[in-house]
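Please read the structure below before turning to the comments.
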Amino acid sequence: MNQMPPITKNLLIINILFFLASFAFARNGVDLQDILSLHYFLADDFRPWQFVSYLFMHASIEHIFFNMFALWMFGRIVEQTLGPKRFLTLYFVCGLGAGLLQELVQYLYYSQYEVVDHFRDRLTGMLYVGKYYIIDGHALDFNSLSTVGASGAVYGILLAFGMLYPNDKMFIIPIPVPIKAKYLIAGYAIIEVLSAMNAGDNVAHMAHLGGMLFALDLILYWRYLDRRGNRWGGGYYNSSY
């Protein structure tokens, strides 16, 4: 852990601490995940700072394990290549971009439905006050549309790795042969696009794509700066790209 680059190490620690804190707060009746998750921007529970806080909340042990494993595996290499300043910028820009795209897609999708300010449940007769979308006769609470996890930032790091080390070969279970990083990352992107088109698994696929898209733009921008002799943040690119 001491040999790990500082930003990657601290991000791992902070994410784990937030995950543990969510259980501690829950024991005292405080739903930290609901407070810090990124709510739909038209919901009453939405706060602008949730575009940052949602990156440190995770829905399950499996969720945080795979995100942190990918952050450890790829983040330390990308940080050593870009330098800590650029890497930290990459992490948060991709996380912000992921949240923005997720919010935009949610709005475009749900804006086709009727909006009401109150809803009476047909079975119980109870009246619920708030903002709802009426979808096929059922009410969807604006506040129920929320996003958590560092996946958008992690997918941005994956794409950055693929751009920095495109010809590095990687083994992915259960594929028996090594695959170049550029093909592997492109495959991940295609899978996310197809998954987003057939959504139904409660995974924010558009947030993943948003992280990758912002990483692509940022890496291309830094390459442009470096070719002009401006190495802001101390980043140096591997010649293999």
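Structure notes:
- Among all positions in the stretch 113-129, there is no residue which is open to solvent by less than 40 Å² (accessible area, probe 1.4 Å) and either assigned to a helix (DSSP H, G or I) or within 18 Å of Gly211 (Cα to Cα) (or both).
- Top-ranked residue of the stretch 39-58 - restricted to ones that are touching a Lys or Arg at 6+ places or on another chain (Cβ under 9 Å) and outside any loop (DSSP other than H, G, I, E, B), ranked as least open to solvent (accessible area, probe 1.4 Å): His39
- Residue match in the stretch 59-77 (condition: over 12 Å from the mean Cα position of the chain (by Cα), over 21 Å from Phe18 (Cβ atoms) and open to solvent by 10 Å² or more (accessible area, probe 1.4 Å)): yes
- Any chance Asp34 is in contact with a strand residue (DSSP E or B) (Cβ under 8 Å, 6 or more places away or on another chain), in a helix (DSSP H, G or I) and touching a residue at least 12 places away in the same chain (Cβ under 8 Å): yes
- The residues of the stretch 21-38 that are exposed (fewer than 14 other Cβ atoms within 10 Å of the Cβ) and either of a type in the set (Val, Ile, Thr) or at pLDDT 95 or above (or both) amount to a single one, Val30.
The values are calculated or read from the model by the stated rules, or taken from the named source; none is laboratory data. Keep in mind that what you see is a predicted model, and the values were worked out from it rather than measured. So basically every Cβ, Gly included, is an ideal-geometry build from the backbone, and we count neighbours across all protein chains shown. Only protein heavy atoms, including side chains, enter the accessible area calculation; ligands, DNA and RNA are left aside. Shrake-Rupley method; radii C 1.70, N 1.55, O 1.52, S 1.80 Å.
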